[in-house]
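Visitor: A single structure is presented below for examination.
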Amino acid sequence: MFAFLLRRFGQAVIVMLVISLLSFSIQDQLGDPLRELVGQSVSEEIREQLRDKMGLNDPYLVQYWRFLKNALQGDLGTSYFFKRPALDVILDKLPATIDLVIAATFWILLFSIPVGIFAAIHPDHWFSKLALSLSILGISIPVFLTAIFLIYLFAVELGWLPSYGRGDTITLFSTWKTSLLTLDGLSHILLPSISLASVILPLFVRLIRSEMMEVLESEYIRFAWAKGLRRRRIWFLHSFKNTLLPVITVGGVQIGIMVAYTILTETVFQWPGMGFMFLEAINRVDTPLIVAYLIVVGLIFVVTNTVVDIIYGLVNPTVTLVGRPT
Amino acid sequence: MNFSLERMRRSPVYYSFINNKVAMVSAAILSTLLLVSILAPFIAPYDPWDQTAFDIMDSEYPPIGSSGADDRFLLGTDDMGRDMLSTILYGTGISIAIGIFATILQAFMGISIGLVSGYFGSRLDSFLMRIADIQLSFTTLMVAIIILAVFQAAVGLNSYERYALLMIVLVIGIAEWPQYARTVRACVLAEKKKEYVDAVRVIGLRPMRILYRHILPNTFSPLLVISTVQVANAIITEAGLSFLGLGMPITKPSLGSLIRNGFDYIFSGSWWITFLPALVLIVLILTINLLGDWLRDVLNPKIYK
């Protein structure tokens, strides 16, 4: 058990080191920090002195080591545009993105579990067929198109819901501004969260359905029928519990995918989150902010994947925890 | 390979195809789209890539049938006065081309790595599969957005537009190799245990020849199934990138760049600039996905999961 955790943790650290090295190379190549600092009007001599002072003439690895040390202390540089620490800027935008992911996850769980279970139990029912057809349609519509259609229908034509921004927010735990707790905020988050959920929801319906159908055909379920257990008990206790295992692994990966799709959703709805900020940073060539975003997103991906792997290892009795399952 | 029409007609795939209306209709629509986009230079009424061929005075005509339409433009014009029909025909071609070339690159890398990984096994195998796991966890869209964004910021917008097509194909192609590698590896592991592989090994064939001539053909059906999905995914990814302004430039637009361009105008009521390319994009992806689903049901590769 301990070896498994250590191994998984080691891998996470290596991946983060690779990400930081890549990010650092980008910082090294993209833009000139000196020009952002002093502008064009300083003579070449003073530039060279400043360059020495800031350590820009040091060997590559020395500079990387310094970058890494600062990063570990939470210093990812200062944004050229906002004139504030890049990490602070991102942490300001993070709650908006988290709100969006929470709301989308809510839709996904609310619909995918009942529909998936129903479609597995009654594969020939018209509703199951409809759900499957709709899921293919859902997979085939890119997320930004769903968003555009929703905006056109509900914001432009009907004028029921706002098409951009976050609306009123409430501050929770003194740091987290959430729009999930005000009526105005909820009306703003409705369309973006539905668009974001629309990519993942169909995948989940299909995944839960196919995994559960597989479980329903297994020996122990047949035995449970033979034993005369009640239908509900077999479906919801014995079958559904065992479909959850693969759903957890895939679900964990989907959190990472959602972070990627937030960039698209936030752009369409001008949602003031991390993804929207990242695209603006790209357009302004705000290198420290770009690098900080890479590190933060990389960390989110690595942490979720590691946690999911560990949970899977703990929950699944068939995984041999000593080494790789064979 | 003695391939004949008669043999094709007797195959279960053909039988299932003519009995499946969804698959037939999808195939018909998809081949029509393919055909018109290949023939675009000949059948399109205007050349949308030629800056001198359109006039800003013609901008934002609605499609024929709505009020204020112009007879010259069947599907209306966009904000620059370009004929929508022509831009959509050319754009469909670009989207399909990117989807296909990116998938070929994925297949080439993934199949090579998967074969080697599955056949030689041991440490190399676990190393390669770890890398594949890690790469997959960073979803293609994310990787593509970051690489293209950084590239765009580094070389500037103007030179970026020149290399956009190549960059998109490379990024989507390289980022998705694990899909193929995993499938091929799983197939190789299953095939390796069979007697015919032992037989050719006893004859003394070299491993590379065994891999490519004897094992690879037997992994064909799962590969066909994931290839359809991969083409559809590549097209979606490209559309997303173009929508973010990281894909094809508006001077040589794909369907995604057309949608991005039209998005600014839906608030003022010019719906056709966005919705017509959007419709084509959805139909394109939907037909590929429906065919992929049908193929999966027919070929039923158990290893694919």
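Every read-out reported here was derived from the displayed coordinates using simple, explicitly stated rules and does not represent laboratory data. The shown structure was predicted, so the numbers you read here are calculated from the model rather than taken from an experiment. Cβ sites come from the backbone with ideal geometry, for glycine too, and all protein chains shown count toward neighbours.
Visitor: Note down the magnitude of the dipole of the protein assembly as shown about its Cα centre, charges +1 on Lys and Arg C-beta and -1 on Asp and Glu C-beta and zero elsewhere, to the nearest 20 debye.
Guide: Computed about the Cα centre, the dipole is about 3280 debye.
Visitor: Roughly how tilted is helix B:220-243, in degrees to the nearest 10 and between 0 and 90, from the longest Cα axis of chain B?
Guide: Approximately 30 degrees, to the nearest 10.
Visitor: Go ahead and run the numbers for FRET between A:Val156 and B:Asp50, Cβ-Cβ distance against an R0 of 35 Å, rounding to 0.05.
Guide: In this case the efficiency is close to 0.60.
Visitor: At 222 nm, what helix-only mean residue ellipticity would chain A give, in deg cm²/dmol to the nearest 500, using -39500 (n - 2.57) for each DSSP H run of four or more?
Guide: Mean residue ellipticity at 222 nm (helix-derived): -24000 deg cm²/dmol.
Visitor: So how do B:212-220, A:186-194 stack up, highest first, on mean other-Cβ count within 10 Å?
Guide: So the peptides B:212-220, A:186-194, ranked by packing, come out A:186-194, B:212-220.
Visitor: Something else about it: Picking from B:Gly110, B:Gly269, B:Gly247, which is most flexible by a Gaussian network model of chain B using Cα springs under 10 Å?
Guide: Highest fluctuation among the options: B:Gly269.
Visitor: Would you work out which of B:Thr77, B:Met248, B:Gly114 lies farthest towards the positive end of the dipole of the range B:76-299? Charges go on Cβ: Lys and Arg +1, Asp and Glu -1.
Guide: Selected residue: B:Gly114.
Visitor: With the cut-off at 1.5 for a/c, could you classify the protein assembly as shown from its C-alpha gyration tensor as rounded, prolate or oblate?
Guide: rounded
Visitor: Here's another thing I want to ask about it. Cut-off 10 angstrom, C-alpha nodes, Gaussian network model of chain B. Which of B:Arg185, B:Arg260, B:Arg162 fluctuates the most?
Guide: In this elastic network of chain B, the residue with the biggest mean-square fluctuation among B:Arg185, B:Arg260, B:Arg162 is B:Arg162.
Visitor: Average partner chain C-beta neighbours within 10 Å, per residue of B:83-95?
Guide: 0
Visitor: Another one. Suppose a student asked you for the relative contact order of chain A, using Cα pairs under 8 Å spaced at least 6 residues apart; what percent would you report?
Guide: With pairs under 8 Å counted, the relative contact order is 28 percent.
Visitor: For peptide A:131-142, how many partner chain Cβ atoms fall within 10 Å of a residue's Cβ, on average?
Guide: Average neighbour count from other chains, rounded to a whole number: 5.
Visitor: Right, here's the next one. Rounded to the nearest 500 deg cm²/dmol, what is the calculated helix-only ellipticity per residue at 222 nm for chain B, with -39500 (n - 2.57) per DSSP H run of length n ≥ 4?
Guide: -22500 deg cm²/dmol
Visitor: What do you get for the angle between helix B:157-175 and the principal long axis of chain B? Use alpha-carbon atoms, 0 to 90 degrees, nearest ten.
Guide: Tilt relative to chain B: about 30 degrees.
Visitor: Remind me, relative contact order of the range B:76-299 in percent, using alpha carbon pairs under 8 angstrom and six or more residues apart?
Guide: The value is 28 percent.
Visitor: Using +1 on the beta carbon of Lys and Arg, -1 on that of Asp and Glu, and nothing else charged, what's the dipole of chain B about the Cα centre, debye to 20?
Guide: 2140 debye
Visitor: State the number of lysine pairs found in chain A whose Cα atoms come within less than 25 Å, restricting to pairs 8 or more positions apart or on distinct chains.
Guide: Lysine pairs, 8 or more places apart or on different chains, close enough: 9.
Visitor: Enter the angle in degrees (range 0 to 90, nearest 10) between the Cα long axis of helix A:44-54 and the first principal axis of the Cα atoms of chain A, meaning the one along which they spread out most.
Guide: It works out to around 50 degrees.
Visitor: Work out the count of Lys pairs in chain B where the Cα-Cα distance is under 20 Å, with the pair 8 or more places apart or on different chains.
Guide: 4
Visitor: Using a Gaussian network model of chain B with C-alpha springs under 10 Å, which one of B:Ala199, B:Ala149, B:Ala107 is most mobile by mean-square fluctuation?
Guide: Between B:Ala199, B:Ala149, B:Ala107, it is B:Ala199 that shows the largest mean-square fluctuation.
Visitor: Using alpha carbons only, how many angstrom separate the centre of the range A:200-221 from the centre of the range A:59-89?
Guide: 46 Å
Visitor: Under the Karplus relation 6.51 cos²θ - 1.76 cosθ + 1.60, θ = phi - 60°, what is the ordered set of whole-Hz ³J(HN,Hα) values for the range A:202-215, x standing for Gly and Pro?
Guide: Here the 3J(HN,Hα) series is x, 4, 5, 4, 5, 5, 4, 4, 5, 5, 5, 4, 5, 5 Hz.
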